[in-house]
Amino acid sequence: MEIANQFKGLPMENLIGGPLKAACDANVLMARATSQFINDVGFLPQQGENGEIIPGAPRMVDFSFERPGTDAEGAPTIELIKLKVPILAIVPIPNLQVNNVDVSFDMEVKNSTSSKEKLDMNASMEAQIKMGFGPFSATVKISGSVSSSKENTRSSDSSAKYHVEVNARNFGMPEGLARVLDLMNQAAAPRRIEQYKPNDKGEINRDDKGNPTDTPVLLDSTDTEIGSNES
């Protein structure tokens, strides 16, 4: 058989197109995973008009920290800053995509045929002839053998290598989502600033639960709430 005939009938459209279709399907699944992550992690669930669960208000995380300050008379104080931050602004958002697919198909055909005929046959003959003419006579002895050899040998070898390499990386935040988060990040401004007189240790007096015990002086307060207090 000719070596070229070995390649006939190979499903090349499946060998090459199969990995590409699998990579496309993987991108669709990863896009759905990103969308589900944003809905489940970034927004509070709520019930829609038809009873289905839909994303509601964005999840907000409460933060508070202390910083040194001064009161109206210039005396040192401690300011307790309280703010809310959208959770999507502080957690990484997965956006994994397949960006490279390498398909390598190598087929090596080794087809060799060798034929040896070997058939052992032995035949022998022996004859004796006497010839004579008058007073003269002679005896002729003939002997001989015939041999032949026949041997059949056939060998063939075929090998194939099919290699698929897929690379994926995180493409970062989409531009549209980045703009939305920029608007949400505006809510990260301080919502409430409370001013306390520090004790001898330079700290705020607190009870066993960590709550301040002194009456604060309210420097700044924002009553407008974006989202929900739940996180």
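Computed quantities for the displayed model
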read-out: Contacts under 7 angstrom Cβ, first residue in the range 95-115 being under 24 Å from Gly17 (Cα atoms) and modelled with pLDDT under 75, partner exposed (fewer than 12 other Cβ atoms within 10 Å of the Cβ) and among the polar types (S, T, N, Q), 6 or more apart; value: Glu108/Ser159; Val109/Ser158
read-out: The listed residue being surrounded by 11 or more Cβ atoms within 10 Å (Cβ to Cβ) and part of a loop (DSSP other than H, G, I, E, B), out of Leu10, Leu15; value: Leu10
read-out: Test for Arg179: is it out of contact with any Asp or Glu (no Cβ under 8 Å at 6 or more places or on another chain), closer than 30 Å to Asn39 by Cα and free of Cβ contacts under 8 Å to residues at least 12 places away in the same chain; value: yes
read-out: Residue tally, condition under 30 Å from Ser35 (Cβ atoms) and touching a Phe, Trp or Tyr at 6+ places or on another chain (Cβ under 9 Å), over the range 55-86; value: 8
read-out: Some residue of the range 22-44 being assigned to a strand (DSSP E or B) and of a type in the set (S, T, N, Q); value: no
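Here is a yes/no grid of residues against (1) within 30 Å of Pro94 (Cβ to Cβ); (2) at pLDDT 75 or above; (3) of a type in the set (Phe, Trp, Tyr); (4) touching a Pro at 6+ places or on another chain (Cβ under 9 Å):
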site: His163; (1), (2), (3), (4): yes, yes, no, no
site: Arg169; (1), (2), (3), (4): yes, yes, no, no
site: Leu181; (1), (2), (3), (4): yes, yes, no, yes
site: Arg191; (1), (2), (3), (4): yes, no, no, no
site: Asn199; (1), (2), (3), (4): no, yes, no, no
site: Arg206; (1), (2), (3), (4): no, yes, no, yes
site: Pro212; (1), (2), (3), (4): no, yes, no, no
site: Thr215; (1), (2), (3), (4): no, yes, no, no
site: Asp223; (1), (2), (3), (4): no, no, no, no
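The values are calculated or read from the model by the stated rules, or taken from the named source; none is laboratory data. Just so we're clear, the structure is a prediction, and the values are computed from it rather than from any experiment. Cβ atoms come from the backbone with ideal geometry, glycine included; neighbour counts cover every protein chain shown.
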